[in-house]
Amino acid sequence: MIKTAQIKKYYGDLQVLKGVDIEIKKGEIVSIVGSSGAGKTTLLQILGTLDLPNSGNLFFNDKDVSSFSKKELANFRNKNIGFIFQFHHLLPEFTALENICIPAFIAKKNKKEAEEKALKLLKRLGLENRANHKPNQLSGGEQQRVSVARALINDPLVILADEPSGNLDSKNAKELHQLFFDLRDEFQQTFIIVTHNEELAEMADRKLTMKDGVIIVDSF
């Protein structure tokens with residue numbers, strides 16, 4: 001479903017990615033590991049079309065999205081990619097329900113339908129009683145689950161997660177990790193997860209190990 005061909009990325013004179021080739025199938029959960037500075041987050045941002053490579057190609061279902069205009073990329077990203085970050089990036093002035101609905105509103109979806117979908121996701125994630133709570137009224141684990149629901153609201157093809165359990169205690173981290181696999185089994189979504197959490201990395205269907213801007217190990 002996702003394929004890269006010789007992705008290279010420079011920041012000034014620093015080459016961060018040195019020719020990355022990967023193929024990821026629909027429904028796979030793939031972890032990306034490696035020391036700080038290996039290029040993991042840069043690769044994830046390029047896979048999510050948040051950043052563009054200096055050279056190389058990115059394909060989604062055989063479409064070369066690296067040739068899209070900025071507007072085409074924004075529309076593609078909103079419809080096809082969900083993001084989960086270490087810092088949940090919930091907007092503090094909005095409720096959990098409103099935060100989840102934001103990507104749906106950007107996609108110009110019907111307000112009532114978006115809210116109904118958000119409520120279903122909240123219930124699926126055990127947060128139906130938190131719909132009208134603002135982020136500062138939620139625990140860290142609850143906030144991260146709200147960000148997962150936000151990532152799922154537009155039924156994306158792929159979920160990209162950058163250190164999703166980095167700020168959670170071990171109990172909440174384990175619950176979040178299991179949630180990814182439950183969601184994959186339920187919705188057949190593809191997950192690509194950058195993590196330093198060895199337990200999560202080993203749970204994945206495949207583990208990609210990066211070093212100095214390239215993938216050095218692709219293990220099943």
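The values are calculated or read from the model by the stated rules, or taken from the named source; none is laboratory data. Quantities reported herein were computed from a predicted structural model and do not represent experimental measurements. Backbone-built Cβ (ideal geometry, glycine too); neighbour counts: all protein chains shown. For accessibility, only protein heavy atoms count, side chains too; no ligands or nucleic acids. Shrake-Rupley method; radii C 1.70, N 1.55, O 1.52, S 1.80 Å.
Over the chain, DSSP H runs of length four or greater, each weighted -39,500 (n - 2.57), average out per residue to a 222 nm ellipticity of -11500 deg cm²/dmol. Using the empirical formula 2.2 N^0.38 Å as the baseline, the Cα radius of gyration of segment 1-130 reaches a ratio of 1.23.
Ranking Leu160, Phe105, His133 by how far each Cα lies toward the positive end of the dipole of the chain (charges on Cβ) leaves Phe105 at the top. Sorted from longest to shortest, the spans of the Cα atoms of the chain along the three principal axes equal 47, 39, 33 Å. Of His89, His177, the residue with the largest accessible area leads and the full order is His89, His177 (1.4 Å probe).
Beyond 17 Å, the tail of the calculated P(r) for segment 172-220 holds 38 percent of the Cα pairs.
The charge dipole of segment 124-180, taken about its Cα centre with unit charges on the Cβ atoms of Lys, Arg (+1), Asp and Glu (-1) only, comes to about 160 debye.
Label sites at Ser219 and Lys120, each approximated as a point 7 angstrom past Cα along Cα to Cβ, lie 3.9 nm apart. Between Ile29, Pro53, Val16, the Cα set farthest toward the positive side of the dipole of segment 1-81 (charges on each charged residue's Cβ, about the Cα centre) is that of Ile29. What the phi angles of segment 28-35 give under the Karplus curve with 6.51, -1.76 and 1.60, with θ = phi - 60°, is a coupling list of 7, 10, 10, 9, 10, 10, x, 5 Hz, glycine and proline written as x. Values of log10 I(q)/I(0) for segment 3-59 across q = 0.14, 0.16, 0.28 Å⁻¹ run -0.36, -0.47, -1.33, by the Debye formula with one identical scatterer at each alpha carbon and no solvent.
Amide H contacts under 5 Å for Val33: Leu208, Thr209, Met210, restricted to partners 5 or more places along the chain or on a different chain, H placed in the peptide plane at 1.01 Å from N.
3J(HN,Hα) along segment 183-195: 5, 4, 5, 7, 10, 6, 7, 9, 10, 10, 10, 7, 8 Hz, from the Karplus curve 6.51 cos²θ - 1.76 cosθ + 1.60 with θ = phi - 60°, whole Hz, x for Gly and Pro.
Taking the Cα centre of the chain as origin and charging only Cβ (+1 Lys, Arg; -1 Asp, Glu), how large is the dipole, in debye to the nearest 20?
On the way: 30 positive and 29 negative charges, 131 e Å.
Around 640 debye, computed over the chain.
A simple spin-label model places pseudo-atoms 7 Å from Cα toward Cβ; at Asp155 and Phe181 they are separated by 2.7 nm. Rolling a 1.4 Å probe across the protein heavy atoms gives the chain an accessible surface of 50 Å² per residue.
Where Rh denotes the Kirkwood radius from the mean inverse Cα pair distance, what is Rg over Rh for segment 101-220?
1.00
For segment 46-137, the residue among Ala114, Val65, Phe76 whose Cα projects farthest onto the positive side of the dipole built from Cβ charges is Ala114. For segment 7-17, 3J(HN,Hα) computed residue by residue from phi via the Karplus equation (6.51, -1.76, 1.60; θ = phi - 60°) reads 6, 10, 9, 10, 10, x, 8, 8, 8, 8, 10 Hz, glycine and proline entered as x.
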